[in-house]
Amino acid sequence: MMVAFLNSFFWFFGIHGYYAILPILDQLAPFEQTTGVINTFFLGSFVFIGGAGATLSLVLAILIFSKDKFHRKIAWLSIPFAIFGINEIILFCLPIIFNTRMLLPFVAVPIINAFISTSALMSGFITPAPSISLVNTPLFLNAWMSVGGSFDGIVLQLVCLIVGMFVYAPFVYMLDRARAIRKVEIPQFNATFTGILEEYSSDVDDPFHLILLQNEKIRTLQEQFSVISNLRFELYYQPKVNPKTGEVVGCEALIRAFDDSNKLVPPQEFLNAFHEAGIIHMLDSWVAREAIRQLTLWEAEGRSQVKISINMSSATMTHAVAIDKILESIGEKGHLICVEMTEETLASFDDNLKTVIEKLKRAGVSLEIDDFGTGYSSMSYLAKTDFSAIKIDRSFVTDIDDPRKSRLLHAIIQFTERLDLPVIVEGVETQEQVNELLQYDRLSIQGWFYAKAMPAEEFQVFVQESNVNAKRFEGYGV
C-alpha cells in the first residue's frame, strides 16, 4: 500500500513514481523472491491498472459518467495506451498533474486496489504465479499471466477496475461541474458558449504546458464572460450624410451594451474578451442577423430602406462556417448590406479570403475598406477586388488646421477619385471640417457634426427629417 501511495503521489507532481521509489522496491526484493507474486508485474496487473493512479478506472468513469466533450475526447484517446499501462495522455491532458481536484482519488484507488488484490491473494482466491516481469503487457492478459493462466485473475482485475471507477465517479462529476460553471449564455445571440474556455485552453500544441501558462488568462476570461452574459446588446445606427444635400445615404451599425442599471458599457470592455476567446465571429454574426431583422421591420412598417454597413473582423472573414451563416441571414437583402473590412484583413489576402469576398459579392453585398490609411496601407489590394467605397479614418480630419495633415487628407481623397471610388470620411465634428470637404462630389460624412449613433427608431426619425430638408433645399435650387 505504501508503494501504491508513493508511486501515485510522486506522479501527481510530475515525478516518475517508479524511479522515485526504487529504493523502497529494492527493500521489497527479498519478499518478492519469497512469494514470487508481489512484484512490479503484480502491481501493474491489480494495483496500477492503466498506469499510475489506476487511471483506466478514471477513463471508464469519464466515459460512463461524464458529459463533458473535452474530457470524453481525452478518455477515448487514452484507452489504447492505458490498455498497455501507459497513461501520460490523461495525466498531462486532463490534466491530473497539479490538479488538486484529482489528488485524492489518484492516490486512493491504487491503495484500495492493493488492499483488494492482497486480500484475494491471502484468502486463496488467486494462486501466485512464478515471478514474471513483462513490461506493458496488455490488460486482462497481464492478470491472466499473474496467476498462472487462470481466469480468476481477470475477474479480480475487473473487480478492481470497477471499484476504482466508482471511486473516481464523484470526482469526475465535480470536474464536469467545474467546467459547467464556465458555461456562458447570451440569449440575444441565440447561442450557448459551453466551449469558450475549453477551446481556448485545449487548442494548443503542448496542452499541459500552455494550459498552465494561460491559467490566469482563462480565469480573467471567465470573469469577463460572467459579466458579459448579463449585458443587453443593441444595435445603434450612425448616419452617413451627403454634406452638399444633407441627405442620409447610409449608416453604420454599431453594437452597444447596457448593464442591469441601463448604463452604457464601453465596447472595449467586452470586445477584447470575444477576441481573446476566439469567438468574435459569434458577435459579428449577431450584428448581421440584427441588422437584417431591423431592415425587415422597417420594410414592414413602410420606413425608408437605408443601406447598413456592418463591421467584420479578420477572424470572421476567414471563418467559413460563420460566413455561410451570415450569408444565410442576409438572404435577399444583400443589396442593403455593406461589409466594412480593415486593411489588416486585406493584408493577408489569400485564396480563402478571395472566396469569401466572391461569396459576399454574389449575394449582392458591397464592400468598403475601413479606416483607410491607418493599417497595412498597400495599393495592391485595391486591384484585387471591387470595393464600393473607401472610408477615411477620423485621424486625418481631427487636426485639419495642420497644413501637412490637410494636404494628406486631400491627397487621399483625390487618389480615390482617380480610382472612381466614393469616399466616406468619419469623425467629422465641426463646420470647418465639413467646409473643407464640400469641394468633393462623391463624398459622404459620418460623424458627430450630423449625429451620434442612435437607436433604430431615432435613426428613422433623423432620416425622414434629413431627407425632407434635402428635398426642400433641392426645390429651392440649393
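The values are calculated or read from the model by the stated rules, or taken from the named source; none is laboratory data. The structure displayed is predicted, hence computed values, not measured ones. FYI the Cβ positions are ideal-geometry reconstructions off the backbone, even for glycines, and counts take in every protein chain you see.
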E343 vs. criteria touching an Asp or Glu at 6+ places or on another chain (Cβ under 8 Å), without any contact (Cβ under 8 Å) to a residue 40 or more places away in the chain and charged (D, E, K, R): yes
Members of the range 218-232 that are surrounded by 14 or more Cβ atoms within 10 Å (Cβ to Cβ) and at pLDDT below 85: I218, L221, Q222
Filtered residues of the range 233-250 (kept if under 21 Å from E429 (Cα atoms), touching a Leu at 6+ places or on another chain (Cβ under 8 Å) and surrounded by 19 or more Cβ atoms within 10 Å (Cβ to Cβ)): Y237, Q238, P243
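In this structure, is L139 assigned to a helix (DSSP H, G or I) and assigned by TED's automatic domain parsing to the domain that holds I15?
Working: assigned to a helix (DSSP H, G or I): no; assigned by TED's automatic domain parsing to the domain that holds I15: yes.
Answer is no for this residue.
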Checklist (1) exposed (fewer than 15 other Cβ atoms within 10 Å of the Cβ); (2) on the phi > 0 side of the Ramachandran plot applied to R362, failing item: (2)
Residues within the range 251-290 that are crowded, with 21+ Cβ neighbours inside 10 Å and on the phi > 0 side of the Ramachandran plot, tallied: 0
Filter result for the condition that a residue is among the aromatic types (F, W, Y) and either within 27 Å of the chain's Cα centre (by Cα) or within 16 Å of Y168 (Cα to Cα) (or both), over F115, F84, F92: F92
Test set (1) modelled with pLDDT under 95; (2) buried (at least 19 other Cβ atoms within 10 Å of the Cβ); (3) not polar (S, T, N, Q) - F459 fails condition number: (1)
Residue match in the range 291-298 (condition: closer than 23 Å to E344 by Cα and under 25 Å from the mean Cα position of the chain (by Cα)): no
Among (1) more than 29 Å from the chain's Cα centre (by Cα); (2) modelled with pLDDT of 90 or more; (3) assigned to a helix (DSSP H, G or I) - the single one K391 does not satisfy: (3)
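The rows are residues; the columns are (1) buried (at least 20 other Cβ atoms within 10 Å of the Cβ); (2) within 24 Å of A178 (Cβ to Cβ).
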residue: A75; (1), (2): yes, yes
residue: I79; (1), (2): no, yes
residue: I86; (1), (2): no, no
residue: F106; (1), (2): yes, yes
residue: I111; (1), (2): no, no
residue: A120; (1), (2): no, no
residue: L141; (1), (2): no, no
residue: D152; (1), (2): no, no
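Considering S444, S466, which residue is among the hydroxyl-bearing types (S, T, Y), over 36 Å from the mean Cα position of the chain (by Cα) and at pLDDT 95 or above?
S444
Given the options A315, A322, A411, name the one that is hydrophobic (A, V, I, L, M, F, W, C), exposed (fewer than 14 other Cβ atoms within 10 Å of the Cβ) and in a helix (DSSP H, G or I). Full working, then the answer.
Details: A315 fails: exposed (fewer than 14 other Cβ atoms within 10 Å of the Cβ); A322 fails: exposed (fewer than 14 other Cβ atoms within 10 Å of the Cβ).
Going through A315, A322, A411 in turn, the sole match is A411.
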Subset of the range 47-70 (residues that are modelled with pLDDT of 90 or more and assigned to a helix (DSSP H, G or I)): T55, L56, S57, L58, V59, L60, A61, I62, L63, I64, F65
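Given the options L175, L161, L197, name the one that is part of a helix (DSSP H, G or I) and modelled with pLDDT under 60. Working first, answer last.
Working: L175 fails: modelled with pLDDT under 60; L161 fails: modelled with pLDDT under 60.
Criteria check complete, one pass: L197.
In the range 231-255, which residue that is assigned to a strand (DSSP E or B) and acidic (D, E) is farthest from W448 (Cα to Cα)?
It comes out as E234.
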Residue check for V434: assigned to a helix (DSSP H, G or I) and under 22 Å from E368 (Cβ atoms): yes
